[in-house]
Amino acid sequence: MTNNAKNIKILAVAVLLVGIAWYFGAFKKSNQVTELVSFVDNAVSLVETKGRDAFADFRQKGGDWWKGDKYIFVYDMEANTLVLPPTPEIEGTNRWSTEDANGVFYVREMVNALENKDYVWIMYSYPKPGAENALPKVAYVRKAMIDGNYVIVGSGIYY
């Protein structure tokens, strides 16, 4: 076999391996997205059934709604933090002017986008629970109704 033939064969195998790795990586992300949508949709159903009583469920570490870096957060439509399990000291604060390291006013974007939609995807940077440095995060957020008012219920995937 000539050197050119060997090089072409090696290149073909490398392309095949990269393709397989990409496919399974994309498949994993696809599963994460599907799980995230279901997770938030189920949280919205709980909020619309139990109202603010659902918030205690969201705050239980290791429970159905908060495992590791996956948790439910809730804001009202004025950007007030109602539930943020990893940092409960932020609950009760307004985050309208809070921006991430890249200048994204992510809660403001959620509020503004959900004025005309039932759900949106928002990309921003945020620290994983227990970490100091922010990582890129994509969040799926939906409106839910409590006592005649909308709230924002969401969760995200760090990548």
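The values are calculated or read from the model by the stated rules, or taken from the named source; none is laboratory data. As the structure is a computational prediction, the values presented were derived from the model and not from experiment. Every residue, glycine as well, gets a Cβ built from its backbone with ideal geometry; the counts of neighbours run over all protein chains shown.
Residue-by-condition table, conditions (1) farther than 21 Å from Gln60 by Cβ; (2) in a strand (DSSP E or B); (3) among the basic types (Lys, Arg); (4) modelled with pLDDT under 95:
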{"residue": "Val74", "(1), (2), (3), (4)": "no, yes, no, no"}
{"residue": "Arg108", "(1), (2), (3), (4)": "yes, no, yes, no"}
{"residue": "Ala113", "(1), (2), (3), (4)": "yes, no, no, no"}
{"residue": "Val120", "(1), (2), (3), (4)": "yes, yes, no, no"}
{"residue": "Met123", "(1), (2), (3), (4)": "yes, yes, no, no"}
{"residue": "Met145", "(1), (2), (3), (4)": "yes, yes, no, no"}
{"residue": "Val151", "(1), (2), (3), (4)": "no, yes, no, no"}
### Message
For region 88-97: of the residues being surrounded by fewer than 17 Cβ atoms within 10 Å (Cβ to Cβ) and touching a residue at least 12 places away in the same chain (Cβ under 8 Å), which is nearest to Val141 (Cα to Cα)?
### Response
Trp96
### Message
For region 42-68, give me each residue that is acidic (Asp, Glu) and surrounded by 14 or more Cβ atoms within 10 Å (Cβ to Cβ).
### Response
Glu48, Asp57
### Message
Under 9 Å between Cβ atoms, which residue pairs at least 6 apart in sequence (or on different chains) link something in region 49-63 that is touching a residue at least 24 places away in the same chain (Cβ under 8 Å) and part of a helix (DSSP H, G or I) with a partner that is surrounded by 13 or more Cβ atoms within 10 Å (Cβ to Cβ) and of a type in the set (Phe, Trp, Tyr)?
### Response
Phe58/Trp65; Phe58/Trp66; Phe58/Tyr71; Phe58/Phe73
### Lys128, sole failed condition from (1) without any contact (Cβ under 8 Å) to a residue 40 or more places away in the chain; (2) surrounded by fewer than 19 Cβ atoms within 10 Å (Cβ to Cβ); (3) of a type in the set (Lys, Arg)
(1)
### Message
If I ask for residues that are surrounded by 15 or more Cβ atoms within 10 Å (Cβ to Cβ) and without any contact (Cβ under 8 Å) to a residue 12 or more places away in the chain, which ones from region 100-112 would you list?
### Response
Phe105
### The lone exception for Ser97 - which of (1) touching a Gly at 6+ places or on another chain (Cβ under 9 Å); (2) farther than 19 Å from Met145 by Cβ it fails
(1)
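Looking at Lys28, Lys6, which one is at pLDDT 60 or above and in a helix (DSSP H, G or I)?
Lys6
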